[in-house]
Amino acid sequence: MSLYVSSSNIVVIPQKAVSHWKTYGVGTIKGAKVTGKRCEQLMLRFKEKIMTPFQMVSYHESFVVMFDDEQSKEHFELIANILQADGDKFNYYLLFDDHESEVLKGMKQFLTVGEFNVPVVRLDQTGEFDFHSNGNSVEIVIDDDVDEEGISSFIQTFTLNEGHYFIGDPGFLKNQEMFQEQYFTGGDYHLIYQYNNQWLKKVIIQPSESVQNSI
């Protein structure tokens, strides 16, 4: 099975929460996310050009510009166009008061959708990845070319209720055929990011007791 990702993040959303999901563009404008190479220098370039004192937050290989009205949005887009015309290479996404924008922003590990807790999984890359379901756990293989040395893991813990979940890129939530469906029995789960020489190779979601038993 495959999982296609176009926004570098995926969600693990209960089926019952889908009806509460706010799609992209719903609500008021909140800012923009800028992605590109040498983001620190790019953020300085924005600060030099921008006349309005926007708040900017740097995050990994991106930064977020905060604004909340149409005039500020137009000013931001004007500066973005000027910088791109000058040769700066970057992309930006407008952010709104919706759940998908929160995922794009990339600053939250979990979203509250209605009464449900929705984990956000950061892949930091796009493409089509292998998806494997093994009973009460799943694996998403980013790259199966792994050296024996330089392997490391980062683990987050969260709680899932029993039930059926959709796993995939939130931009495709209206087309649920682009999602993988998974049944979880509920309880505490580990989200495991496996790296090889600092490159993400695999993401695993499995009961925390499985990790404890394997140590």
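The values are calculated or read from the model by the stated rules, or taken from the named source; none is laboratory data. No experiment lies behind these values; they were computed from the predicted model shown. Because the Cβ atoms are built from the backbone with ideal geometry, glycine has one as well, and the counts that use them run over all protein chains shown. Ligands, DNA and RNA are excluded from the accessible area calculation, which covers all protein heavy atoms including side chains. Shrake-Rupley method; radii C 1.70, N 1.55, O 1.52, S 1.80 Å.
Quick notes
- Accessible surface computed residue by residue for the range 1-152, with neighbouring protein chains in place and a 1.4 Å probe, gives 56 Å² per residue.
- Degrees, to the nearest 10: 70-85 long Cα axis against longest axis of the chain: 90
- Eigen-decomposition of the gyration tensor built on the alpha-carbon atoms of the range 105-187 gives equivalent ellipsoid semi-axes of 23, 16, 15 angstrom, largest listed first.
- Surface composition of the chain: carbon plus sulfur atoms contribute 45% of the solvent-accessible area (1.4 Å probe, protein chains only, all chains present).
- All Cα-Cα separations within the range 154-195 were binned at 5 Å from zero, giving a P(r) of 6, 21, 18, 22, 22, 10, 1, each value a whole percent of the pairs.
- Distance between the modelled labels on Q109 and N134, one decimal in nanometres: 2.3 nm (7 Å Cα→Cβ projection).
- Helical mean residue ellipticity (222 nm; -39500 (n - 2.57) per DSSP H run of 4+; nearest 500) of the chain: -5500 deg cm²/dmol
- Area accessible to solvent at S19, 1.4 Å probe radius, in Å²: 100
- Max mean-square fluctuation residue, GNM over the chain, Cα-Cα springs under 10 Å, options V64, V18, V203: V18
- Length released on extending from L78 to E48, taking residue separation times 0.36 nm less the Cα-Cα span: 9.5 nm
- Gaussian network model of the chain, springs between alpha carbon atoms under 10 Å - residue of K30, K174, K202 with greatest fluctuation: K174
- Accessible surface, 1.4 Å probe, highest first, among residues R38, R45: R38, R45
- Between Q41 and V18, the distance separating the two model label sites (each 7 Å from Cα on the Cα→Cβ line) works out to 4.5 nm.
- Couplings for the range 5-19, taken from phi via the Karplus curve 6.51 cos²θ - 1.76 cosθ + 1.60 with θ = phi - 60°, read 10, 10, 10, 6, 9, 10, 10, 10, 10, x, 3, 5, 8, 4, 5 Hz in order; Gly and Pro are left as x.
- The range 117-161, Rg to Rh (Cα coordinates; Rh as Kirkwood inverse mean 1/r): 0.97
- Residue-span extension gain [V141 to N161] - 0.36 nm each, minus C-alpha spacing: 4.7 nm
- Among S72, S2, the order of accessible area from largest down is S2, S72, computed with a 1.4 Å probe on protein heavy atoms.
- Residue-span extension gain [Q71 to Y59] - 0.36 nm each, minus C-alpha spacing: 1.8 nm
- Histogram of C-alpha separations across the range 21-79, 5 Å bin width, %: 4, 18, 28, 24, 16, 8, 2, 0
- Taking all protein chains together and a 1.4 Å probe, the residues M43, M1 rank M1, M43 from largest to smallest accessible area.
- Summarised as an ellipsoid, the range 1-124 has semi-axes of 28, 17, 11 Å, derived from the eigenvalues of the Cα gyration tensor scaled by 5 and square-rooted, with the largest first.
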